[in-house]
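*Asks:* Got a structure here, written out as structure tokens. Questions coming.
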Amino acid sequence: MIKKLYVSVSAEFDTDGKMRPSLIHLEDGRDVKIKKVKNAVRAASLKAGGQGVRFLCNIGKQDIYLFYEEPRWFIESYED
Amino acid sequence: MKTILHVDLNNFYASVECMYDPSIRGLPVAVCGDIELRHGIVLAKNYIAKAAGVKTGYTIADAKRACPGLVCVSPHMDRYLKFSAMAKGIYSEYTDRVESFGIDECWLDLGEHADGVAAADEIRARIRRELGITASAGVSYNKIFAKMGSDYKKPDATTEITRDNYRELLWDLPVSDMMFVGRSTERKLRLYGMDTIGDLARADPSLLRRLLGKNGIMLHCFANGIDDSAVSLTYEPPPLKSIGNSTTAPRDIESDDDVKVIYMALCESVAARLRKHSLKCLCVSIDVRDTDLRVITRQIRLPSPVCTADELFSAATALHRANVRRGVKIRSLGVRASSLCPLLGMQMTFYDDETKLRREALSDAADVINSRFGNRCVFHGITMVSPDLSSFSPADDRTVAPDSFEVYR
């Protein structure tokens, strides 16, 4: 079962004002560094139930989707 | 030949709610108003609820009786407006002619020599991917057939209606599937043996004219695909044909005073909106719904155009007195101003007395104060008699009912 997990995010803005998330702060205190943003498109998350700008982020061994659902950020999290 | 698309977001409110909450997907879902405010009716439902017999306008109790497992969710107007705007954003990437028909439907004029079906499929795919909901599209050479195309197959489908296939696709459908054929028109048409759209198309126009007036001719043209109305430009809203407000009272209304309080609050709003658009009206109508949900609609034509709350109020209350039995318990009231005429260039009369002009000046002054300091800063004293009935703010409540297709004629 996948649930919608709101997360705290640090983002960088370039001189054009373009936003790029750089760090995801998880609830348990861990920070996940985003190594690369592969693309950003407007999309719905049918799995978690939400809609916004979807960033495909590489966080090392895997890629994850990070959604900016103005004004909040969420990830699709696997529930136990 | 022009290519016109009509895109309809399927079960819009219910689809948006199901998109946001995966746990209710696959269940019968209805978006319902607030029971506390006596708005407890079904506003929209998904296909599963529809199949179980739930209809828009049912009370929540009736809907649950029809479908015991029904999930009722509250509406989120902000979400619907956001999704509607995003859908329009997608449409406007294809053309500058996008005309809304309510919150969830739009016509798009793609111009000459466009591949309508390919564009419609692409738009539907984008809506599915980007918004997470489905749409159905109709592609045709006029607005009426495009709209009928989007209704032809739902959800998530494209139907093309061409000059060659419209007889085959549409003419066998029941006449009630035709736009603008409501219950009473359907009854009349069926009385004369016109059961299908094809029967209507093949009927003698002069018979239809006798039967339904100029609407009969319009329906005959539409059934034959004769419709050259243009899709309006995105930034050009269709001209206003009427301005109205209505409200469901928080309690049943019995006394004359309470009726007047509500009429005044509604007239204040309608009058302010008339003046905002620099319009006056020649016709005032009222809608009265009693507690048995029977509706009385009556209208009156005024001797000269008006735009103040007092004048609308006199007309509305006179109509009410003449047509509604005293002692009837009333659930909701509405006031509508139509036969609109622009203030500029208006024919002046010899009979405008000074009081009328001074009252208009007073209303203008009140508008300025209200716009600077908030709605209902200055209002009629009568509305203070029952503040619970007049505390609603029609001007602030967002109206998203489909635009009247009157603009079309």
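The values are calculated or read from the model by the stated rules, or taken from the named source; none is laboratory data. The structure presented is a predicted model; accordingly, all values stated were derived computationally and were not measured. No Cβ is skipped: glycine too gets one built from the backbone with ideal geometry, and neighbour counts run over all protein chains shown.
*Asks:* Condition first: within 14 Å of another protein chain (Cβ to nearest Cβ) and either more than 20 Å from A:Leu46 (Cβ to Cβ) or in contact with a strand residue (DSSP E or B) (Cβ under 6 Å, 6 or more places away or on another chain) (or both). Now tell me which residues in region B:134-149 satisfy that.
*Replies:* The answer is B:Ala135, and nothing else.
*Asks:* If you take just the strands (runs of 3 or more DSSP E) that sit entirely in region B:101-203, which of them hold at least 3 residues that are under 21 Å from the mean Cα position of the chain (by Cα) and modelled with pLDDT of 90 or more?
*Replies:* B:105-112, B:135-140
*Asks:* Away from chain B (no Cβ under 14 Å), out of contact with any strand residue (DSSP E or B) (no Cβ under 9 Å at 6 or more places or on another chain) and among the basic types (Lys, Arg): does that describe A:Lys61?
*Replies:* The answer is yes for A:Lys61.
To keep it simple, each residue is scored yes or no on (1) touching a Phe, Trp or Tyr at 6+ places or on another chain (Cβ under 8 Å); (2) closer than 13 Å to B:His6 by Cβ.
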{"position": "B:Arg128", "(1), (2)": "no, no"}
{"position": "B:Ile144", "(1), (2)": "yes, yes"}
{"position": "B:Ser150", "(1), (2)": "no, yes"}
{"position": "B:Thr162", "(1), (2)": "yes, no"}
{"position": "B:Asn165", "(1), (2)": "no, no"}
{"position": "B:Leu170", "(1), (2)": "yes, no"}
{"position": "B:Pro174", "(1), (2)": "no, no"}
{"position": "B:Asp177", "(1), (2)": "no, no"}
{"position": "B:Lys188", "(1), (2)": "no, no"}
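*Asks:* What number of residues in region B:191-217 are in contact with a His (Cβ under 7 Å, 6 or more places away or on another chain) and more than 16 Å from B:Met179 (Cβ to Cβ)?
*Replies:* Number of matching residues: 2.
*Asks:* Additional query: Enumerate the pairs (first residue in region A:33-45 and away from every other protein chain (no Cβ under 13 Å); second residue anywhere and in a loop (DSSP other than H, G, I, E, B)) with beta-carbon separation below 8 Å, excluding pairs fewer than 6 apart on the same chain, so at least 6 apart or on different chains.
*Replies:* A:Lys33/A:Ile59; A:Lys33/A:Gly60; A:Ile34/A:Ile59; A:Lys35/A:Ile59; A:Lys35/A:Gly60
*Asks:* Now, a different point. Which count do you get for residues in region B:1-21 that are in contact with a strand residue (DSSP E or B) (Cβ under 8 Å, 6 or more places away or on another chain) and in a helix (DSSP H, G or I)?
*Replies:* Going through region B:1-21 one residue at a time, the tally reaches 8.
*Asks:* Can you tell me how many residues within region B:88-97 are assigned to a helix (DSSP H, G or I) and touching a helix residue (DSSP H, G or I) at 6+ places or on another chain (Cβ under 8 Å)?
*Replies:* Residues flagged as assigned to a helix (DSSP H, G or I) and touching a helix residue (DSSP H, G or I) at 6+ places or on another chain (Cβ under 8 Å) within region B:88-97 amount to 2.
*Asks:* Can I ask one more? Within region B:63-87, take every residue that is of a type outside the set (A, V, I, L, M, F, W, C), within 14 Å of chain A (Cβ to nearest Cβ) and part of a helix (DSSP H, G or I) and give me the one that is surrounded by the fewest Cβ atoms within 10 Å (Cβ to Cβ).
*Replies:* So the residue we want is B:Asp78.
*Asks:* Report, by residue number, each residue of region A:29-80 that is assigned to a strand (DSSP E or B) and among the small types (Gly, Ala, Ser).
*Replies:* Once the filter is applied, which keeps residues that are assigned to a strand (DSSP E or B) and among the small types (Gly, Ala, Ser), region A:29-80 yields A:Ala40, A:Ala43, A:Ala44, A:Ser45, A:Gly50, A:Gly52, A:Ser77.
*Asks:* If a residue counts only when it is touching a Pro at 6+ places or on another chain (Cβ under 6 Å) and surrounded by 20 or more Cβ atoms within 10 Å (Cβ to Cβ), which strands (runs of 3 or more DSSP E) contained entirely in region B:270-361 have at least 1 such residues?
*Replies:* Result: B:279-290.
*Asks:* Still on this structure: Of the residues B:Gly57, B:Gly26, which is assigned to a loop (DSSP other than H, G, I, E, B) and either crowded, with 24+ Cβ neighbours inside 10 Å or touching a helix residue (DSSP H, G or I) at 6+ places or on another chain (Cβ under 9 Å) (or both)?
*Replies:* B:Gly26
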